[in-house]
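In what follows, a single structure is set out as structure tokens and then discussed.
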Amino acid sequence: MRLPVWSRAAILLAAIVSTSSPLLAQERAPLPLTRADALLEEGRWAEAEALFYAQSERSSRDPVARAALGRFIAMKGAVRPGMVLIEEARQFGLDAATARELLAPLRAILEWRTAAADLKKDSTLTVRVPAEGSALFQMPLPRTGADGRSIVEPGDVKELVWHDVVDRGVGLDSLAVKGSPMGIEIFEALVPSLNVRTNKLTLHANSRSALSATGRRYQVLRSPREVLVLVGDRRVLPLVEALRELSPSWWQLDLPHGLLVVR
């Protein structure tokens, strides 16, 4: 039997989350904070980026400066290049435990991006208003077995499990618990867009689709705790708060390219 488009997308996502290791956001900053980090907090992102590069260039073999630059590049969406710099920092003397803490969530993101490549066509799902105000929306997943395969017949809406989608940095909680949250990072490579009026979520097979989308553009960064949006001059808000303030009828989040598009 051929599956409806929404079922194929939901089953793909269920397979991704069921075969991934749960990872939680970092509890502490694994690297010493620098002036560049302070500039990020102040919403001076362009200045912070320049300083991260300058710190690394000034002391090319300083493991902390190299790791900090790698972490920042990964925050902007360039996960693999960021990992390369962190691995170089390890060779230059970065503490092994610190390197593991920085690299583990980034490896998970790359795994999810690879798995998402199995979606060859755009797919649309109906989502719900989230149960928690700190979540973006609620989306359905079919129940799956230990092997990640769906154990639900296509169209059997009674067996769908609804999960709040959050923007925490690597926000994958234990999905073995019915209704537990899942992080948008799991399907970020599908650059999701949401029609707020119809509650239709589109997962895009073309990971560059947001680059040509029409609308107002805002820079985003993935912090260890959440996705941050630069909504104005030196004004940084968490994604959920930014969307609440911008009040768009449609939005698309492109974490791989550090971009939020709204209209």
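Between A117, A104, A96, the distinction of being surrounded by fewer than 20 Cβ atoms within 10 Å (Cβ to Cβ) and without any contact (Cβ under 8 Å) to a residue 12 or more places away in the chain belongs to A96 only.
Out of all the residues in the stretch 233-258, which are assigned to a strand (DSSP E or B) and either in contact (Cβ under 8 Å) with a residue 60 or more places away in the chain or basic (K, R) (or both)? Once the filter is applied, which keeps residues that are assigned to a strand (DSSP E or B) and either in contact (Cβ under 8 Å) with a residue 60 or more places away in the chain or basic (K, R) (or both), the stretch 233-258 yields R235, V236, P238, Q252, L253, D254. Picking from residues in the stretch 190-208 that are of a type in the set (S, T, Y) and more than 15 Å from R263 (Cα to Cα), the one that is nearest to the chain's Cα centre (by Cα) is S207.
The requirement of being among the aromatic types (F, W, Y), within 19 Å of the chain's Cα centre (by Cα) and modelled with pLDDT of 95 or more is fulfilled somewhere in the stretch 70-77, by at least one residue.
Checked against (1) at pLDDT below 90; (2) not in a strand (DSSP E or B), A135 passes all but condition (1). The lone criterion from (1) of a type in the set (A, V, I, L, M); (2) modelled with pLDDT of 95 or more; (3) closer than 24 Å to L13 by Cβ left unmet by L237 is number (3).
Report every pair of residues separated by at least 6 positions or lying on different chains whose Cβ atoms are under 8 Å apart, first residue within the stretch 200-214 and over 14 Å from L119 (Cα atoms) and touching a residue at least 40 places away in the same chain (Cβ under 8 Å), second of a type in the set (A, V, I, L, M) and surrounded by fewer than 13 Cβ atoms within 10 Å (Cβ to Cβ). Short answer, once both residue conditions are applied: none. Counting only residues that are buried (at least 17 other Cβ atoms within 10 Å of the Cβ) and closer than 25 Å to R90 by Cβ, the stretch 40-61 holds 7 of them. Of the residues making up the stretch 64-119, those that are out of contact with any strand residue (DSSP E or B) (no Cβ under 8 Å at 6 or more places or on another chain), of a type in the set (A, V, I, L, M, F, W, C) and in a loop (DSSP other than H, G, I, E, B) number 4.
Taking each residue of the stretch 64-87 that is surrounded by fewer than 19 Cβ atoms within 10 Å (Cβ to Cβ) and looking for partners that are of a type in the set (V, I, T) and assigned to a helix (DSSP H, G or I) with beta-carbon atoms closer than 7 Å, six or more apart or interchain, yields P81/I73.
The values are calculated or read from the model by the stated rules, or taken from the named source; none is laboratory data. Just so you know, these numbers come straight off a predicted model, no measurement behind them. We place every Cβ from the backbone using ideal geometry, glycine too, and count neighbours over all the protein chains shown.
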